[in-house]
2 protein chains.
Amino acid sequence: MEIRSVGDILQAACAGGREWTLSVNAPHDEAIMKAVTGACAHGFARALLFGDPPLIQKTAADAGLELTDRATIVSRPDPKEAIDESVEATHDGRAQILVKGLVPTSSVIRALLHKELGFRSGRFLSHVAVFDAPVYDRLMLLTDAGINITPNVQRKVQIVKNAVRVALALGMKRPKVAMLAAIDTLRYPAMQATLDAALVSRIARSGVVPEAVVDGPFALDNAVSIEAAKLKERAGEVAGRADILVAPEIETGNVLYKSLQTFCGTTYASVVVGADNPVAVPSRVDSPESMLASIALACVLSG
Amino acid sequence: MEIRSVGDILQAACAGGREWTLSVNAPHDEAIMKAVTGACAHGFARALLFGDPPLIQKTAADAGLELTDRATIVSRPDPKEAIDESVEATHDGRAQILVKGLVPTSSVIRALLHKELGFRSGRFLSHVAVFDAPVYDRLMLLTDAGINITPNVQRKVQIVKNAVRVALALGMKRPKVAMLAAIDTLRYPAMQATLDAALVSRIARSGVVPEAVVDGPFALDNAVSIEAAKLKERAGEVAGRADILVAPEIETGNVLYKSLQTFCGTTYASVVVGADNPVAVPSRVDSPESMLASIALACVLSG
């Protein structure tokens with residue numbers, strides 16, 4: 001099916017008749033619990049809940065939720081143990097999809113890296129948000145709003161590759177990638193973001209990212225508005241039509257992400273990709289739709 | 001009068017019965033010309049148009065505008081001369097408000113600094129955007145989306161002071177200033193934005209910015225949403241109630257500004273402050289309302 005909205009992601013998760021097992025750490029939050037039981041109720045998920053059993057029961061009761069036999073509580077009252085065991089479960093086959101509960105994203109990432117680095121090297125994790133673009137009638141991707149702080153050029157190429165993989169999995173053909181900065185031209189040496197953007201584009205076009213069209217630097221408006229790109233005479237295949245927005249560093253990515261969320265009320269799904277399977281990273285400030293969409297997205301991406 | 005929206009700024013400019021003379025460089029763009037003649041038609045402005053006379057006439061005709069005797073064309077076909085002369089006019093008393101036309105903002109800033117540095121030192125220019133906050137029923141300020149690239153802590157304090165002066169002039173009492181980052185806590189040494197935010201807050205509270213409450217670091221949602229701040233247990237007077245958002249560097253400021261503009265369709269006014277008088281810096285991608293509001297804001301701020 002064609003996936004053109006965050007709502008379609010949930011449909012896609014339900015459509016295949018497949019079932020994924022979620023590995024949730026510290027689900028001690030009503031909204032997260034609602035999202036997990038929602039995924040179970042939609043029929044595409046079962047869940048292992050690693051946490052404090054009485055607290056899990058209380059959270060479910062407070063939220064007016066009934067825990068069915070699709071959810072299994074595993075007693076791990078210590079948050080660190082809950083995280084470690086939830087990561088372990090996605091490696092030993094008990095579960096496929098890791099879901100972050102009421103713990104810091106950084107702790108989950110650390111546990112994940114610790115576990116996976118033991119198996120193989122070359123792993124690179126990044127945060128990808130998928131949202132209903134306020135300017136398009138389709139999905140847009142934003143990266144990295146949550147993990148990589150000040151990525152260098154090599155890391156930025158990896159961030160692009162991770163996001164392109166997500167876009168392709170969502171059915172986009174040759175996604176258009178815009179490397180964001182404050183302006184569309186190179187300013188040497190004052191604006192490093194513009195230099196990095198140009199270099200990443202050049203590297204991507206040399207054959208390193210053949211499945212996508214990468215261009216930059218872009219001011220945001222010229223990346224997503226055909227009208228703005230025309231006015232500013234910003235040419236190129238990506239101008240005004242970007243599918244993937246790549247922030248120069250975490251502040252820009254995070255503030256843009258939060259702006260969509262808080263100022264525009266946009267629905268989105270957030271995952272961390274680059275591990276064996278995507279990790280769903282719902283945040284407590286997410287809407288219930290966004291939380292459920294994050295879980296559905298992680299499932300759909302895991303194939 | 002109380003100024004609670006961008007629309008109110010235009011009302012305030014009209015209300016006083018005062019008249020400002022605009023000094024516009026290279027007004028060779030229909031939208032900019034509309035905004036300038038609009039300000040004249042509203043009765044609060046006269047205009048000196050420094051540019052290419054036939055091109056100015058053609059631009060006005062193409063836009064269906066009639067140039068009244070409130071607008072005076074001064075022949076300066078060369079863009080650099082147009083800029084220099086428009087800056088000069090705001091110093092020799094022929095005009096009060098500099099308005100950027102179809103030239104790069106950086107060229108105008110350079111001419112302005114060149115001129116003003118001759119008179120006095122200690123000048124510090126910064127970009128301030130004023131917009132109808134999508135989450136409040138009042139105005140919000142954002143700085144710096146357009147001039148200072150990677151300000152150090154001393155520059156960030158000056159950016160705060162400039163924005164606070166604008167907020168006070170708009171009638172805000174003890175404005176609440178949020179220093180933005182990707183997270184709300186200090187991460188040493190990895191996240192410089194969080195360290196700068198904390199230090200600027202500390203300096204401001206030591207008496208350097210007595211007219212405002214400055215706090216940080218803030219993730220955007222916790223700065224502007226009381227609900228998010230509560231969920232994340234982000235305490236303090238500024239949490240969820242920020243009047244002024246201060247970006248850690250230009251990429252974050254510019255992308256947030258463009259996000260409001262492109263994704264949220266927010267109306268705003270943009271000025272450069274720190275010179276003798278504020279400079280209106282409309283951009284061609286601005287809506288007609290935003291362009292006119294930028295001119296009105298510069299007038300209102302000039303007192």
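The values are calculated or read from the model by the stated rules, or taken from the named source; none is laboratory data. Everything numeric here is computed off the predicted structure, so don't read it as measured data. So basically every Cβ, Gly included, is an ideal-geometry build from the backbone, and we count neighbours across all protein chains shown. Just the protein is used for accessible areas: all its heavy atoms, side chains included, with ligands, DNA and RNA removed. Shrake-Rupley method; radii C 1.70, N 1.55, O 1.52, S 1.80 Å.
Of note:
- Available extension along the chain between A:GLU66 and A:LEU231 is 53.9 nm, counting 0.36 nm per residue and deducting the alpha carbon span.
- Gap separating the Cα centres of the stretch B:114-173 and the stretch A:158-230, nearest whole Å: 30 Å
- The charge dipole of the stretch B:1-116, taken about its Cα centre with unit charges on the Cβ atoms of Lys, Arg (+1), Asp and Glu (-1) only, comes to about 160 debye.
- In the context of the full set of protein chains, residues of the protein assembly as shown present 39 Å² of accessible surface per residue (probe radius 1.4 Å, heavy atoms only).
- Accessible surface buried upon A-B contact (total; probe 1.4 Å; Å², nearest 100): 3300 Å²
- Anisotropy class of the stretch B:183-247 from Cα gyration tensor, a/c 1.5 cut: oblate
- If both residues of a DSSP beta bridge must be in the protein assembly as shown, then about 30% of such bridges are antiparallel.
- Full extension of the chain between A:ARG123 and A:VAL135 gives 0.9 nm of extra length, using 0.36 nm per residue less the Cα-Cα distance.
- Angle in degrees between helix B:30-41 and the longest Cα principal axis of chain B, rounded to the nearest 10: 80 degrees
- Shown for B:THR185: label points 7 Å from Cα along the beta-carbon vector, and their distances to the equivalent points in the other copies, 4.4 nm in ascending order.
- Largest-first ordering by accessible area, 1.4 Å probe, given options A:ILE149, B:ILE250: A:ILE149, B:ILE250
- With respect to chain A, whose longest principal axis is taken over its alpha-carbon atoms, helix A:192-203 is tilted by about 90°.
- The stretch A:1-151 - share of DSSP beta bridges that are antiparallel (%, nearest 5): 20 percent
- Position A:GLU289, label points 7 Å along Cα→Cβ, spacing to each other copy in nm (shortest first, one decimal): 2.4
- Net dipole in debye of the stretch A:69-224 [+1 Lys, Arg Cβ; -1 Asp, Glu Cβ; about Cα centre; nearest 20]: 460 debye
- Rule-of-thumb Rg ratio for the protein assembly as shown [Cα; 2.2 N^0.38 Å; N residues]: 1.03
- Estimated FRET transfer efficiency when R0 is 35 angstrom, pair A:TYR188-A:LEU168 (beta carbons, to 0.05): 0.55
- Positive-pole candidate from B:ASN162, B:GLY207, B:ALA228, dipole of the stretch B:150-295, charges at beta carbon: B:GLY207
- The mean number of Cβ atoms from other chains found within 10 Å of a Cβ in peptide B:221-231 is 4, as a whole number.
- Counted by Cβ distance under 10 Å from B:GLY64, the other residues give a net charge of -2, where Lys and Arg count +1 and Asp and Glu count -1.
- Taken along the Cα-to-beta-carbon direction at a fixed 7 Å, the label points for B:ASN152 and B:GLU211 span 2.6 nm.
- Prolate/oblate/rounded label for the stretch A:145-287 (Cα gyration tensor, a/c 1.5): rounded
- Once you reduce the stretch A:46-101 and the stretch A:244-266 to the center of their Cα atoms, the two points are 30 Å from each other.
- DSSP beta bridges in the stretch B:108-262 [antiparallel fraction, %, rounded to 5]: 30 percent
- Each of B:ASP184, B:ASP286 has its accessible area taken with a 1.4 Å probe; listed largest first, they run B:ASP184, B:ASP286.
- Extension gain from B:LYS115 to B:ARG284, taking 0.36 nm per residue of separation minus the Cα-Cα distance: 58.3 nm
- When the Cα positions of B:ALA145, B:HIS114, B:ALA45 are compared along the charge dipole of the stretch B:1-154, B:HIS114 comes out farthest toward the positive end, with charges on each C-beta of Lys, Arg, Asp and Glu.
- Across identical copies of the chain, B:ALA63 has label-point separations of 5.5 nm, listed in ascending order, with the point defined 7 angstrom from Cα along Cα→Cβ.
- In a simple Cβ point-charge model (Lys, Arg +1; Asp, Glu -1; nothing else charged), the protein assembly as shown has a dipole of about 900 debye relative to its Cα centre.
- Efficiency of FRET between B:LEU199 and A:ARG4 - r from beta-carbon atoms, R0 41 angstrom, step 0.05: 0.35
- Rounded percent of accessible protein surface that carbon and sulfur make up, the protein assembly as shown, 1.4 Å probe: 50 percent
- Computed from the C-beta positions of A:SER75 and A:HIS42, the FRET efficiency with R₀ = 30 Å rounds to 0.70.
- Tilt relative to chain A, helix A:6-15 - C-alpha long axis, 0 to 90 degrees, to 10: 50 degrees
- Neighbour cut-off at most 16 other Cβ (10 Å), DSSP loop, GluC sites (Glu not before Pro), the stretch A:199-249: A:GLU211, A:GLU233, A:GLU237
- Helix-derived mean residue ellipticity, 222 nm - over the protein assembly as shown, DSSP H n ≥ 4, -39500 (n - 2.57), to 500: -12000 deg cm²/dmol
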